[in-house]
Amino acid sequence: MDGEIRPELQALRERIALTLDDARDEARQKRYAKGYRTARENVADLVDEDSFQEYGQLAVAAQRSRRDYRDLQSRTAADGIITGTCTINTDLVGAERARAAVIVNDYSVLAGTQGFFHHRKLDRICELAEQQALPLVMYTEGGGGRPGDTDVTTQIAGLNIKSFSTWASLSGVVPRIAVNNGYCFAGNAALFGCADFCIATRNSWIGMAGPAMIEGGGMGKHEPTAIGPIEVQEKNGVVDIVADDEAHATAIAKQLLSYFQGDVSDWEAAPQILLRDTIPEDRRWGYPVRRIIETLADTGSFLELQRIYGRGIITGFIRLEGKPVALIANDCQQLGGAVDAVSSEKAARFLQVCDAFSMPVLSLTDTPGFMVGPDSEQEGAVRRMSSLFLVGSRLRVPIVTIFLRKAYGLGAMAMTGGTFVAPVYAAAWPTGEFGGMGLEGAVRLGFKKELEAEEDPAAREQLFQQLVARMYEIGKASEAASYLELDAVIDPADTRAVVLRALRAAKPSGR
């Protein structure tokens, strides 16, 4: 009869309802008491409406032998991990390019620990993501491995699981974004750290071991809030972007993913004539390069990664007329723009990820070169700085370089893919200056005898400034361009147009 529901369908509906927030109100209220959202609320906020297709919703913890089955259905709903396919950002990029997969570890289920079926679900969605080329967003809150799955009697240590290898093997295959809020320890932290991009809220604690494991290893008792707080993990580069809360982190994840989903049609930009006055007339003065980036980029499109880690080089994404572009830029307000060991490694890893996903690169270069000296060598400068050359030599995506001001020595070469001939187009603003090393250092080294011969300090300083000025005239942008060491000198106001023309003319990477 129409309208009647058969018993088996009614039973299914009741079974599914046990996995949802309304049937798990106690768990939901515990989340709310902390100011957190439920796992399903995070899913709903991330994905496009009515697009989520869940996998393995009826799973429970492998503990039927020790707990009531109906209790497991609610208290261990989905075995603590929500997985599925969806679309994200359809309104922005269209349905076909919005395809994605989602993994949300549910802390309200056994503290987000990883059990037998939990791992099976994680493997399934990762394998599907590889087969169908789906980018992945994972929420990683949780406490690592779960010791209480007594139904599993065919393993001892349980170290023959594939989840960590399966997730890691997606590196360079599909973009992976990790989002964390709350405690993220042990196996969950390993998943977080393997992601291409890591977002964490200010209420995050991330560590390769939680309190129990640390104490069990004889290393004392520690509160969970003492292990990997966000202040530590932001400073050391583990976290790419710090968010205010889960809602903010979700919005950032959607924005970050959008760069890998392609072009957008709606964009605005600031008047480009503003760029003409951004470089100080005195070449010794610093300036806020982020102001240049924000003026050059489509309004609101600049998303910076690792802002307080490796500060000498800014890394992030922008859009130019809706086109996503990866960006590296020297910050002359940090170490005078010198490229140090930490920023080299940071930029190299960033370029490697961007190259894997066919993201073109824009380099805004203003550097006196690599940071030198005994302190720099103690940071492993030789190996870490060289990583920029290793990655640069293998870039298959087009790179465009705009020399804002200084371009000296190996550091400048590293910012351009390893050589000034690597970019598909290399242009300078009229303020550009070039040389094998910084002007002042070159004068002190090359004219040492002449300077030492001048006994009067005032006269020696005058001679020094004259020699610097002469070398500046020799190495200024227009002269370097006349020797074909770069392709052009441009009006700063034309930078957007120049970069876009170069990228449109470039051959795609073909991946």
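Laboratory data are not the source of any read-out in this text; all were calculated from the coordinates shown. The structure displayed is predicted, hence computed values, not measured ones. Note: ideal-geometry Cβ built from the backbone for every residue, glycine included; neighbour counts use all protein chains shown.
Side notes on the structure shown:
- Local electrostatic count, Ala426, Cβ distance below 13 Å [Lys/Arg +1, Asp/Glu -1]: -2
- For the stretch 23-63, GluC sites (Glu not before Pro) meeting the loop criterion (DSSP other than H, G, I, E, B) and having at most 11 other Cβ atoms within 10 Å: Glu49.
- Whole-Hz couplings from phi, Karplus 6.51/-1.76/1.60, listed for the stretch 312-320; x for Gly and Pro: x, 10, 8, 10, x, 10, 9, 10, 10
- Nearest 10 degrees, 0 to 90: helix 246-261 Cα axis against the chain principal axis: 60 degrees
- Cβ-placed point charges (K, R +1; D, E -1), dipole of the stretch 223-353 about Cα centre in debye, nearest 20: 480 debye
- Here the spin labels are modelled as points 7 Å beyond Cα on the Cα-Cβ line, and at Asp456 and Thr225 they lie 6.8 nm apart.
- Other-chain or far-sequence residues with amide H under 5 Å of Glu321's (modelled H): Asp298
- Converting phi to 3J(HN,Hα) with the Karplus coefficients 6.51, -1.76 and 1.60 and the offset θ = phi - 60°, the stretch 291-296 yields 5, 5, 4, 5, 6, 5 Hz in sequence order, with x at every glycine or proline.
- Proximal charge balance of Cys332 [Cβ under 14 Å; K/R count +1, D/E count -1]: +2
- Whole-Å distance, taken between Cα centres, linking the stretch 378-438 and the stretch 259-284: 21 Å
- Dipole of the chain computed with +1 at Lys/Arg Cβ and -1 at Asp/Glu Cβ about the Cα centre; of Thr87, Ala502, Phe117, farthest Cα towards the positive end is Phe117.
- Rounded is the label for the stretch 7-260, because the ratio a/c of its alpha-carbon gyration tensor axes (a ≥ b ≥ c) stays below 1.5.
- Between the Cα long axis of helix 495-505 and the first principal axis of the chain there is an angle of about 70°, rounded to the nearest 10.
- Note on the chain: helix-only mean residue ellipticity at 222 nm, from DSSP H runs of 4+ residues weighted -39500 (n - 2.57) and normalised by residue number, equals -11000 deg cm²/dmol.
- Net charge of Cβ neighbours under 11 Å - reference Ser376; Lys, Arg +1; Asp, Glu -1: -3
- 30 Å Cα-Cα threshold exceeded, pairs from Lys121/Lys346; Lys162/Lys507; Lys34/Lys346; Lys34/Lys323; Lys346/Lys507; Lys235/Lys476: Lys121/Lys346; Lys162/Lys507; Lys34/Lys346; Lys34/Lys323; Lys235/Lys476
- Residue-wise HN-Hα couplings along the stretch 230-236, as the Karplus relation 6.51 cos²θ - 1.76 cosθ + 1.60 with θ = phi - 60° gives them from phi, are 4, 4, 6, 6, 6, 5, 8 Hz; Gly and Pro carry x.
- Sites matching trypsin sites (Lys or Arg not before Pro) across the stretch 292-394 that sit in DSSP coil, with at most 16 neighbouring C-beta atoms within 10 Å: Arg307, Arg311, Arg394
- Close amide H partners of Gly56, meaning residues 5 or more places away or on another chain with modelled amide H under 5 Å apart, do not exist here.
- Taking the Cα centre of the stretch 7-260 as origin and assigning +1 to Lys and Arg Cβ atoms and -1 to Asp and Glu Cβ atoms, the resulting dipole is close to 600 debye.
- Unit charges on C-beta of K, R, D, E only; dipole of the chain, Debye: 1100 debye
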